[in-house]
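Below is one structure; the comments refer to it alone.
Rule-based calculations on the coordinates, nothing more; no lab input. Worth saying up front: this structure is predicted, and the values here are computed from it rather than measured. All Cβ positions, glycine included, derive from the backbone under ideal geometry; neighbour counts span all protein chains shown.
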Ligand SMILES: Nc1ncnc2c1ncn2[C@@H]1O[C@H](COP(=O)(O)OP(=O)(O)OP(=O)(O)O)[C@@H](O)[C@H]1O
Ligand SMILES: [Mg+2]
């Protein structure tokens, strides 16, 4: 599903963010990526969504070599990858419903189809009934669930979560991780970046540890090391 | 689909317009100033061209013949002059007509009228009014005439040299054009800069929406087009305002123009209206192009997709 082949990333002029990363993630896998701050985890995410180009190597997503993707093809790639971040990235002036609708609307999906899809994704994340609230009227965990709902509208094959629990307490973090596991069970490949030892240790899935731009361990049922 | 995306883009431009209303007003004002400056150039050009034509039409040479010169001799001179390439038109005023004109001119003066009546022959000769094709040709026509065998038949030649006026008008119009052109170019340049900046600010204002649009896979054109539309929008509004502004300006200068031409018949507004579509059509196209270019530069620089 996701193949990193000898990926190197140098941010100009000389930041060596990734050095020769090789990683193969299979369809429907749930992979956690752990590592200290500044070791290149976010850089890996950005390479998968074509926000950054690798300096060297090859990156393949779902059989599609996106190493030298044309700018106009990037939107097509991004509709197949759901992304969530630590800071939710919701629009404060829009309600839950409108925030999700926005993601559909800007991809040219009409209102009728939106009204079908939005209740479905809200149900998955367990926010049915809260569609008219504004982000500020929701807890952090609920806001993150809105962001996850939004990332699901195009039925992505891959969901990338970069520190989704970074701003949440342990109960909310647990709920978000459970939600990601549930989404994974539906057949979506999930890549989770996390600092949270407790979270990683409770998942019992594959863990890839990154240090200083290189993969230092890759365990099938891993624990948080370092 | 096309309609709904057009509506979306339009709605976005409209909201963006209100969101930074003072910036929008500044942007539109500077474009309107550019238009007014250009339109002033056009108006001055129209007025001075008309003025020069009016003066050129008024210029002619009057040839006054001796009273004893016969009609056939005058006609010989007329056909000789007609054969000259520089001559456009000749009006023949017969002795009788010339006398009538003279009498009409002096009808208040009973002494002149009565002494004319006492004469048994017509003391006033025939006249030929010669119009040249070009105002520059008059000296040449005079020259030819002076060297011809007919020069003895003519008592007087009357040539008002309007060249001076024409030169003055041309100088005025040339100088005005120079200043006006520079001013217009400066305004256009500033307008382009301000449009660039306004679009940059609009991109900044919408940065969270843009980030999310990119994230969820909105197409590049979908993200960019509203900003382009916003820039076009400013051009259209500014063009409409400058159309509304031009007529008061025309009405304001109309009395001065009438005064200059000594006629109420010439309407600067009517003349301007003849070129309405050329002027505003071109200006609209030009400003839209200019705004597209400066907003595209802003989009390229600040809206990385
Ligand atoms: N746009 C950029 N330009 C230059 N250097 C960058 C850029 N983005 C990241 N870096 C550098 O690349 C390295 C890896 O950054 P990255 O964001 O991938 O780390 P990370 O593992 O996600 O860290 P964290 O856990 O703190 O989020 C860091 O040294 C960072 O300073
Ligand atoms: Mg990071």
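At a 10 angstrom cut-off on C-beta neighbours, averaged per residue, how do the peptides A:192-202, B:12-22, B:127-137 rank from highest to lowest?
Highest to lowest by the protection proxy: A:192-202, B:127-137, B:12-22.
Just round it to a whole percent: the fraction of Cα-Cα distances in segment B:102-201 exceeding 17 Å.
Looking at segment B:102-201, the distances longer than 17 Å represent 75 percent of pairs.
Give the relative contact order (percent, whole number) for segment B:60-161; include only Cα pairs under 8 Å separated by 6+ residues.
52 percent
Rounded to a whole number of µm²/s, how large is the Stokes-Einstein D of segment B:181-305 at 10 °C and 1.306 mPa s, given Rh as the Kirkwood radius over C-alpha pairs?
Answer, rounded: 93 µm²/s.
What's the ranking of B:71-79, B:59-67 by average number of surrounding C-beta atoms within 10 Å, highest first?
Per-residue mean Cβ counts within 10 Å order the peptides as B:59-67, B:71-79.
For chain B, what is the calculated [θ] at 222 nm in deg cm²/dmol (nearest 500), taking -39500 (n - 2.57) for each run of four or more DSSP H residues and dividing by its residue count?
-25500 deg cm²/dmol
Would you work out the relative contact order for segment A:1-119, in percent, from Cα pairs under 8 angstrom that are 6 or more residues apart?
Relative contact order of segment A:1-119: 22 percent.
For peptide B:106-115, how many partner chain Cβ atoms fall within 10 Å of a residue's Cβ, on average?
Per residue, the average neighbour count from other chains is 0.
What 222 nm value per residue comes from the helices of chain A, counting each DSSP H run with n ≥ 4 as -39,500 (n - 2.57) and dividing by all residues, nearest 500 deg cm²/dmol?
Estimated from H runs of four or more residues: -10000 deg cm²/dmol.
How far is it, in nm, from the label point at residue A:182 to the one at residue A:204 when both lie 7 Å from their Cα along the line to the Cβ?
2.0 nm
As an exercise, use a Förster radius of 25 Å and the Cβ-Cβ distance of residue A:58 and residue A:220 to find the FRET efficiency, rounded to the nearest 0.05.
Plugging the Cβ-Cβ distance into 1/(1 + (r/R0)^6) gives 0.55.
For chain A, what is the relative contact order in percent, using Cα pairs closer than 8 Å and at least 6 residues apart in sequence?
28 percent
Grab the beta carbon distance between residue A:109 and residue B:10, set R0 = 22 Å, and tell me the FRET efficiency rounded to 0.05.
According to the calculation, E is roughly 0.65.
Say R0 is 45 Å: what FRET efficiency, to the nearest 0.05, do residue B:189 and residue A:11 get from their beta-carbon distance?
Efficiency computed from Cβ-Cβ geometry: 0.75.
What distance in nm lies between label points placed 7 Å from Cα along the C-beta direction at residue B:75 and residue A:170?
Rounded to a tenth, the inter-label distance reads 12.7 nm.
How shielded is B:215-227 by partner chains, expressed as the average number of their Cβ atoms within 10 Å of its Cβ atoms?
Per residue, the average neighbour count from other chains is 6.
Show me B:242-251, B:219-228 ranked by packing, highest mean number of other Cβ atoms within 10 Å first.
B:219-228, B:242-251
Report, to two decimal places, the Cα Rg of segment A:92-154 normalised by 2.2 N^0.38 Å (N = number of residues).
Taking N as the residue count of segment A:92-154, the ratio is 0.99.
For the protein assembly as shown, max minus min Cα coordinate along each principal axis, in Å, sorted largest first?
138, 47, 32
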